Amino acid sequence: MKKRTVPSRLYLTQNEMPTQWLNVRAVMKNKPEPMLNPATQKPMTHAELSSVFCDEAIRQELDNTTQWIDIPEEVVRYYHMFRPSPLCRAYELEAALDTPAKIYYKFEGNNTSGSHKLNSAAPQAFYAKKQGLKGVTTETGAGQWGTALSMACAHFNLDLNVFMVKVSAQQKPYRKAVMETYGASVTPSPSDTTSVGRSILKDHPNTGGSLGCAISEAIEVATKANGAYRYTLGSVLNHVLLHQSIVGVEAKIAMDKLGEYPDIVVGCAGGGSNLGGIMSPYIEDKINGKKIQLLGVEPANCPTLTQGKMTYDFGDTGKTTPMIKMYTLGSDFIPPADHAGGLRYHGMSPIISKLYEDKIMDAIAVDEKSIFASARLFAKCETILPAPESAHAIHAAILEAEKCKATGEAKTILFCLSGTGYFDLAAYMKK
């Protein structure tokens, strides 16, 4: 049995919680390419984006130079209801694996949404309210983002229309119930309530949908609301990864308090929000030559980084978004109806894509059977039932720990436990 040299869980005080987000673009030597207007092939301007996104979100989206951005006081107060989140040492998992590795994880599931998504939902809802909007629209895959945004919109008194990927709505009906409890309107996507939804259904009448389909519907509703609504996104875009940097900055503060520095930082990879968040304070170290591995883990059924192409593509199936330079499987890609949930997006964050292209980070794709085996082992050892998305990061951490057992090397592994799986029981029953 390993001697417990540090606490199983370390909670920072609220005074230690960061009050600024870290903008990793400011430290990247090669910046992500700008979004392009598909009609002109020129970089999108603030004015061109203003009909879709909130003004402050646009300012953050386009800011490549400001390294630290203040978190609004109202958002800090909201964060204090569930942050700082704990940094945990997985002693029991280490023992089960009989590994010399030290495994740490940042647990982001300690709120009703059960995920890290509330870190961006809160500021996006706050900015919409501050701008005087009536409400916002969004898409959601597995439902964590929709749940988080419904909580934030309830707090800031905003209407919310959610388009939920149809297969996820069928797999996770209780997610829909939670969103509606907080006052959101939830529509399985593709639907017959929008012109783009009807067009997709005409071509693919039996489709289970995709995040790309749901994004198209949410944008259509927002842009036809006479300026009273804006669209919000829970991953991929620069300002979302900015908000999620609080995950990594908190983790680094806690690791520093313990006198630890990770050899490997791991996150599941769908659109890139939690992966970018947990990696954020370590990216500059890596760029400056620090020996650290940054690893994204994606599903084999949607291998955006490992099999996608780095090119300009639309962010949605209906081809209504700006063109984004990213690793993509193509905006027409509709993934299988597996349980990868929020990791079924055809594209990847421009920030993550550029880091991967420049070999600042690595990526692997793993199969569904393996990730559920790792999820069950983790649940038995650490008492938390992980979301299928988070189980991808767990599986990679276990693989790295097993390598340490084989070599005798005592590496320090840090991963983001981005969410809980208590709304994913149907997936566990089938696997």
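The values are calculated or read from the model by the stated rules, or taken from the named source; none is laboratory data. What you see is a predicted model, and the numbers here were worked out from it, not measured in a lab. Ideal geometry is used to build each Cβ from the backbone, glycine not excepted, and the neighbour counts take in all protein chains shown.
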Somewhere in the range 249-262, is a residue at pLDDT below 95 and within 30 Å of PHE415 (Cβ to Cβ)? no
Identify, please: which residue in the range 279-291 is surrounded by 19 or more Cβ atoms within 10 Å (Cβ to Cβ) and either under 14 Å from ALA363 (Cβ atoms) or without any contact (Cβ under 8 Å) to a residue 40 or more places away in the chain (or both) and is, among those, nearest to the chain's Cα centre (by Cα)? MET279
Restricting the search to the range 1-43, which residues are charged (D, E, K, R) and either under 30 Å from MET326 (Cα atoms) or touching a residue at least 40 places away in the same chain (Cβ under 8 Å) (or both)? LYS2, ARG4, ARG9, GLU16, ARG25, LYS29, LYS31, GLU33, LYS42
In the range 76-107, what residues are among the charged types (D, E, K, R) and either under 30 Å from HIS243 (Cα atoms) or assigned to a strand (DSSP E or B) (or both)? ARG77, ARG83, ARG89, LYS102, LYS106
Would you mention how many residues in the range 128-180 are in a helix (DSSP H, G or I), within 17 Å of ALA57 (Cβ to Cβ) and either aromatic (Phe, Trp, Tyr) or within 20 Å of the chain's Cα centre (by Cα) (or both)? 6
When residues of the range 36-52 are filtered for being farther than 18 Å from LEU133 by Cβ and either in contact with an Asp or Glu (Cβ under 8 Å, 6 or more places away or on another chain) or not in a loop (DSSP other than H, G, I, E, B) (or both), how many remain? 4
Could you check GLN60 against (1) under 30 Å from ASP313 (Cβ atoms); (2) in a loop (DSSP other than H, G, I, E, B); (3) at pLDDT 95 or above; (4) not aromatic (Phe, Trp, Tyr) and say which number it fails? (2)
Please go through the range 407-431 and give me each residue that is closer than 17 Å to ILE264 by Cα and out of contact with any strand residue (DSSP E or B) (no Cβ under 8 Å at 6 or more places or on another chain), ordered by number. THR407, GLY408, GLU409
Within the range 180-190, identify whether any single residue is more than 20 Å from CYS302 (Cβ to Cβ) and in contact with a Phe, Trp or Tyr (Cβ under 7 Å, 6 or more places away or on another chain), and answer yes or no. yes
Any residue in the range 343-356 that is farther than 22 Å from GLN144 by Cα, of a type in the set (Phe, Trp, Tyr) and in contact with a helix residue (DSSP H, G or I) (Cβ under 7 Å, 6 or more places away or on another chain)? yes
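With under 18 Å from VAL247 (Cβ atoms) and buried (at least 17 other Cβ atoms within 10 Å of the Cβ) as the only criterion, which of GLY143, GLY135, GLY114 stands out?
On the way: GLY143 fails: under 18 Å from VAL247 (Cβ atoms); GLY135 fails: under 18 Å from VAL247 (Cβ atoms).
Criteria check complete, one pass: GLY114.
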Taking the options ILE292, ILE246, ILE264, ILE253, name whichever one is out of contact with any Asp or Glu (no Cβ under 9 Å at 6 or more places or on another chain), under 30 Å from VAL6 (Cβ atoms) and not hydroxyl-bearing (Ser, Thr, Tyr). ILE246
Restricting the search to the range 182-199, which residues are over 16 Å from ALA222 (Cβ atoms) and assigned to a loop (DSSP other than H, G, I, E, B)? TYR182, GLY183, PRO190, ASP192
Filtering the range 163-181 down to residues that are over 12 Å from GLU217 (Cβ atoms) and among the charged types (D, E, K, R) yields LYS172, ARG175, LYS176, GLU180
Going through the range 146-172 in order, the residues found to be in contact (Cβ under 8 Å) with a residue 40 or more places away in the chain, touching a Pro at 6+ places or on another chain (Cβ under 8 Å) and surrounded by fewer than 24 Cβ atoms within 10 Å (Cβ to Cβ) are LYS166
Considering only the range 386-409, how many residues are over 22 Å from the mean Cα position of the chain (by Cα) and either buried (at least 24 other Cβ atoms within 10 Å of the Cβ) or small (Gly, Ala, Ser) (or both)? 3
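The rows are residues; the columns are (1) crowded, with 24+ Cβ neighbours inside 10 Å; (2) part of a loop (DSSP other than H, G, I, E, B).
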site	(1), (2)
LYS202	no, no
GLY209	yes, yes
ALA214	yes, no
ILE219	yes, no
ASN226	no, yes
LEU233	yes, yes
GLU250	yes, no
Has the range 41-53 got at least one residue that is on the phi > 0 side of the Ramachandran plot, surrounded by fewer than 16 Cβ atoms within 10 Å (Cβ to Cβ) and out of contact with any helix residue (DSSP H, G or I) (no Cβ under 7 Å at 6 or more places or on another chain)? yes
Hey, does the range 57-66 have a residue that's over 30 Å from LYS403 (Cβ atoms), touching a strand residue (DSSP E or B) at 6+ places or on another chain (Cβ under 9 Å) and surrounded by fewer than 16 Cβ atoms within 10 Å (Cβ to Cβ)? no
